[in-house]
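Asker: Quick one: structure below, then a few questions.
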Amino acid sequence: MSSTSTHRFIANCLIALFLAASPLLDASHIKVLHKVILNVTLDLDGPARGSYIDPPVYVYEAFEKSRIIIPSDVFFEVFSMTGKRIARIGRKGEGPGDFRFLLAMEKHKGCYYFLDSPHKVNVYDANFLFQKRILLQGAGTAPYAFCLGFLDNLILVGQRWTNEPFQTEKCVSIYDLEGKLRGAVFDQKHGWEIYPENSLLHPVILTIGNEIFFAFNSIPIIWKLNKDGSIVNKIILGGTWWKKIAFEAKKFKKKRSRNAWKAINELALSGDLIQKLWNWRGNIVVQVVRDANEDPRNLFFIIDKDLNEAGDLVDYPGYQFCGAGTFIYLGKLLEIDKSNREKIVEVLQCDCVF
């Protein structure tokens with residue numbers, strides 16, 4: 001082989017390796033419709049203390065009037081699209097309307113449901129007036145909840161049970177709107193087959209109409225479920241770009257015996273994670289936390305609800321994905337003022353054009 005041929009061969013090999021190891025990033029089909037600057041209150045005393053794997057904000061659209069809802073650890077704020085703060089609701093505590101650690105928000109039939117750790121839901125009307133608190137009830141020890149969705153008048157909660165033999169193999173519990181347990185679906189064995197470690201199997205749920213979509217945050221698979229929880233089909237995501245969590249059972253067990261929280265946190269951040277599933281105009285937006293230990297980024301890609309081929313993984317330069325609804329939202333932290341307990345965030349309201 002000649003010197004020129006050798007160099008060309010090596011170059012082609014390097015290009016092939018690069019393409020195999022890198023995600024396909026394409027922001028060309030993102031169209032920015034509106035830009036808004038928000039002064040979001042910091043919760044410096046909250047349990048998460050501004051976890052660095054989170055985006056600058058989380059954006060949830062309100063039902064009407066183009067409001068933006070920004071949750072903190074123990075309260076949430078409502079803004080107009082001009083950046084004006086409309087309301088700040090909630091506080092740290094255990095009483096009705098208080099929050100211990102705000103986990104997720106969903107809209108259902110004109111009300112807002114905020115999931116609070118470990119197993120409470122605060123309900124507000126369309127004007128953000130507190131209505132009631134729902135305690136998710138179990139047969140004994142309550143679950144630790146991670147996410148929620150709605151199916152008719154039922155609440156679906158992705159959770160991990162403790163000391164409940166009859167429930168520990170199920171990942172999704174079903175409650176009525178008063179918090180009474182009605183059943184549980186989806187076997188955890190689908191996750192155990194990949195990661196025999198319960199702390200890595202945080203459930204992620206999305207409901208679109210009467211369809212249920214489920215994922216474990218550490219595994220690049222989305223399952224589509226019937227109303228009864230049976231599996232319709234699934235799609236394996238990520239291809240060559242998904243970075244698997246580096247789980248070594250013996251090493252993890254030793255670290256966990258010394259400091260359980262640190263061991264679990266380091267393990268979870270050693271690979272890519274599905275942070276949340278969002279509904280964007282009847283499609284699924286998959287939010288991915290990438291390389292959180294080294295270069296934390298929140299990326300996303302879109303897949304139709306029939307789980308056909310997924311779109312490209314999108315990394316919009318300088319911004320992080322932070323929400324989806326009628327529109328897709330991207331955010332960038334501009335400034336932190338700890339003395340005034342505020343962070344100034346730029347949010348882009350975007351469309352996705354194929």
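Asker: Only one of LYS227, LYS243, LYS338, LYS332 is among the basic types (Lys, Arg), farther than 16 Å from LEU200 by Cα and touching an Asp or Glu at 6+ places or on another chain (Cβ under 6 Å); which?
Answerer: Criteria check complete, one pass: LYS332.
Asker: Could you check how many residues of segment 64-85 are among the β-branched types (Val, Ile, Thr) and assigned to a strand (DSSP E or B)?
Answerer: 4
Asker: Limited to segment 227-282, what total is found for residues that are assigned to a strand (DSSP E or B) and over 25 Å from ILE303 (Cα atoms)?
Answerer: Residues in segment 227-282 being assigned to a strand (DSSP E or B) and over 25 Å from ILE303 (Cα atoms): 0 in total.
Asker: Right, something else. Looking at GLY50, GLY97, can you tell me which residue is modelled with pLDDT under 95, part of a loop (DSSP other than H, G, I, E, B), crowded, with 17+ Cβ neighbours inside 10 Å and among the small types (Gly, Ala, Ser)?
Answerer: Testing whether each residue is modelled with pLDDT under 95, part of a loop (DSSP other than H, G, I, E, B), crowded, with 17+ Cβ neighbours inside 10 Å and among the small types (Gly, Ala, Ser) leaves just GLY97.
Asker: Do you know which residues across segment 294-312 are over 16 Å from the mean Cα position of the chain (by Cα) and on the phi < 0 side of the Ramachandran plot?
Answerer: GLU294, ASP295, ASP304, LYS305, ASP306, ASN308, GLU309, ALA310, GLY311, ASP312
Asker: Follow-up question, since we're still on this one. Are any of the residues in segment 313-321 part of a strand (DSSP E or B), buried (at least 17 other Cβ atoms within 10 Å of the Cβ) and among the aromatic types (Phe, Trp, Tyr)?
Answerer: Yes, segment 313-321 contains a residue that is part of a strand (DSSP E or B), buried (at least 17 other Cβ atoms within 10 Å of the Cβ) and among the aromatic types (Phe, Trp, Tyr).
Asker: Being at pLDDT 85 or above and not in a strand (DSSP E or B) is the filter here; which residues of segment 163-187 pass it?
Answerer: Within segment 163-187, LEU177, GLU178, GLY179, LYS180 meet the criteria.
Asker: Among the numbered criteria (1) farther than 25 Å from GLU342 by Cα; (2) assigned to a strand (DSSP E or B), which one does GLN137 miss?
Answerer: The single condition GLN137 does not satisfy is (2).
Asker: Between a first residue in segment 63-78 that is touching a residue at least 12 places away in the same chain (Cβ under 8 Å) and buried (at least 16 other Cβ atoms within 10 Å of the Cβ) and a second residue that is of a type in the set (Asp, Glu) and in a strand (DSSP E or B), which pairs have beta carbons less than 9 Å apart while being 6 or more apart in sequence or on different chains?
Answerer: What qualifies is ARG67/GLU61; ILE68/GLU61; ILE68/GLU77; ILE69/GLU61; ILE69/GLU77; ILE70/GLU77; PRO71/GLU77; VAL74/ASP116.
Asker: If we scan segment 256-263, do we find a residue that is crowded, with 16+ Cβ neighbours inside 10 Å, farther than 23 Å from LYS170 by Cβ and without any contact (Cβ under 8 Å) to a residue 24 or more places away in the chain? Walk me through how you get there before you give the answer.
Answerer: Here is the first cut: in segment 256-263, the residues crowded, with 16+ Cβ neighbours inside 10 Å are 256, 263.
Those left that are additionally farther than 23 Å from LYS170 by Cβ: 256, 263.
Keeping just the survivors that are without any contact (Cβ under 8 Å) to a residue 24 or more places away in the chain gives 256, 263.
So far as segment 256-263 goes, yes, one or more of its residues are crowded, with 16+ Cβ neighbours inside 10 Å, farther than 23 Å from LYS170 by Cβ and without any contact (Cβ under 8 Å) to a residue 24 or more places away in the chain.
The values are calculated or read from the model by the stated rules, or taken from the named source; none is laboratory data. In this text the structure is predicted, and so the values were computed from the model without any measurement. Quick reminder, even Gly has a Cβ in these numbers, built from the backbone with ideal geometry, and neighbours come from all protein chains shown.
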